[in-house]
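Heads up, the thing below is written out as structure tokens.
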Amino acid sequence: MSACLQDTLSPLVRGRGKNRFPLCDLHVHTHFSCDSEAAIEAMCRQAVALGLRQIAFTEHVDFVPADVGFGFFQPVAYMAEISRCRELFGDQLTILAGVEIGEFHRFRSRADALLDAHRFDLVIGSLHWVKTVPVTAPFYSQPRPMDRAFGDYFHELQQMCSVGGFDIVGHLDVVKRNGFDTADQYNVLDFEEAVRSILDAIIRNGIALEINTSTLRGSPKQTSPGQAVVTWYRQMGGKLLTIGSDAHAPADLAVGWEMAVEMARAAGFAHLTSFSNRTPCALSLDGKW
């Protein structure tokens, strides 16, 4: 099966009333990431059971020495397992090889060396650290008020997206994910100028925006980013949109898919984006599926 699905996707309703099956999940982690114990094969079996057509394993690559994942990723072993599972699942499932690189702008030469050495289908650029502080840690906001905490995060994310070099910006406002007692007070409208600056940078650099559904599983109970940002992105001319569950276990695979698709439609998107050999391709959402 081609790494990219057909431009117009056939219906995936399989005798279960109006239930909609997920087509692709482009942000998934396994035991090749430091924070997951899931096997690639187990994730693939769950994907097939869910009716997924495509899955991308985007393992963490961390270059911050203080990060628990520093030096953890083993690309040779990872690519060997991707190859084995591609043979095992054949036409049942398209399996994409990917990585999620943190702080891409701070470690550009090391990131480029990894990407030159291995053939990945897609690369997510994510911001997990602001200076010396991990943004998802419970204590991230404690030394400063929420507006400063989010402001610092968006400022550095804008710098990362301006540098570019990756294919998808991951979980744009992930700082709200967990350990943030004031997350329910977060209003993206308070940071509209900063977020629009980030969106402008990713549009200029041909980077896709991700709707990450992992924050639906935490206290914020909203995707990352939410509807307003996806709509701004489309209004500003953004065309590349992906959906990823950020699953670290089979049970979380494709969770929130329907909500993410409805958000995409509400913003005016008729297509999602996938990648093959780091080249974007369109997955049509026209018609019933």
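The values are calculated or read from the model by the stated rules, or taken from the named source; none is laboratory data. Predicted model only: the values in this text are computed from it and were never measured. Reconstructed Cβ throughout: ideal geometry from the backbone, glycine too, with neighbour counts over all protein chains shown.
For region 152-168, which positions are more than 19 Å from Thr279 (Cα to Cα), touching a residue at least 24 places away in the same chain (Cβ under 8 Å) and charged (D, E, K, R)?
Correct list: Glu156 only.
Determine the pairs where a residue that is within 12 Å of Arg278 (Cα to Cα), located within region 107-127, has a partner that is at pLDDT 95 or above and exposed (fewer than 12 other Cβ atoms within 10 Å of the Cβ) with Cβ atoms under 9 Å apart, the partner being 6 or more residues away or on another chain.
Taking only residues 6 or more apart or on different chains, the pairs are His118/Val76.
Which of the residues that make up region 184-216 are outside any helix (DSSP H, G or I), surrounded by fewer than 23 Cβ atoms within 10 Å (Cβ to Cβ) and modelled with pLDDT of 95 or more? Spell out the reasoning first.
Looking only at region 184-216, we keep the residues that are outside any helix (DSSP H, G or I), and these are 186-187, 205-213.
So of that shortlist, the ones also surrounded by fewer than 23 Cβ atoms within 10 Å (Cβ to Cβ) come out as 186-187, 205-206.
If the condition is that a residue be outside any helix (DSSP H, G or I), surrounded by fewer than 23 Cβ atoms within 10 Å (Cβ to Cβ) and modelled with pLDDT of 95 or more, then Asn205, Gly206 are the ones that fit.
Could you say which residue among Arg110, Arg144, Arg119 is of a type in the set (D, E, K, R), surrounded by fewer than 22 Cβ atoms within 10 Å (Cβ to Cβ) and in a helix (DSSP H, G or I)?
Arg110
Among Ala97, Ala39, which is the only one that is closer than 25 Å to Pro225 by Cα and not charged (D, E, K, R)?
Being closer than 25 Å to Pro225 by Cα and not charged (D, E, K, R) holds for just one of Ala97, Ala39, which is Ala97.
Which of the following residues is over 16 Å from the mean Cα position of the chain (by Cα) and in contact (Cβ under 8 Å) with a residue 60 or more places away in the chain: Ser284, Ser245?
Ser284
Each row is one residue, and each column tells you yes or no for (1) among the polar types (S, T, N, Q); (2) within 17 Å of Val68 (Cα to Cα); (3) under 17 Å from the mean Cα position of the chain (by Cα); (4) at pLDDT below 90.
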| site | (1), (2), (3), (4) |
| --- | --- |
| Glu103 | no, yes, yes, no |
| Arg110 | no, no, no, no |
| Leu115 | no, no, no, no |
| Val123 | no, no, yes, no |
| Leu127 | no, yes, yes, no |
| Val130 | no, yes, no, no |
| Pro138 | no, yes, no, yes |
| Pro145 | no, no, no, yes |
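Is it true that Leu172 is at pLDDT 95 or above and not in a helix (DSSP H, G or I)?
Yes: the conditions hold for Leu172.
Failed condition for Ala77, given (1) assigned to a loop (DSSP other than H, G, I, E, B); (2) in contact (Cβ under 8 Å) with a residue 40 or more places away in the chain; (3) more than 25 Å from Cys281 (Cα to Cα), with all others met?
Of everything listed in (1) assigned to a loop (DSSP other than H, G, I, E, B); (2) in contact (Cβ under 8 Å) with a residue 40 or more places away in the chain; (3) more than 25 Å from Cys281 (Cα to Cα), Ala77 misses just condition (1).
Filter region 225-261 down to the residues that are modelled with pLDDT of 95 or more, part of a helix (DSSP H, G or I) and not aliphatic (A, V, I, L, M), then identify the one that is farthest from Ile40 (Cα to Cα).
My answer is Gln235.
So Val61 passes all but one of these: (1) farther than 25 Å from Pro22 by Cβ; (2) surrounded by fewer than 20 Cβ atoms within 10 Å (Cβ to Cβ). Which condition number does it fail?
Against the list (1) farther than 25 Å from Pro22 by Cβ; (2) surrounded by fewer than 20 Cβ atoms within 10 Å (Cβ to Cβ), Val61 comes up short only on (2).
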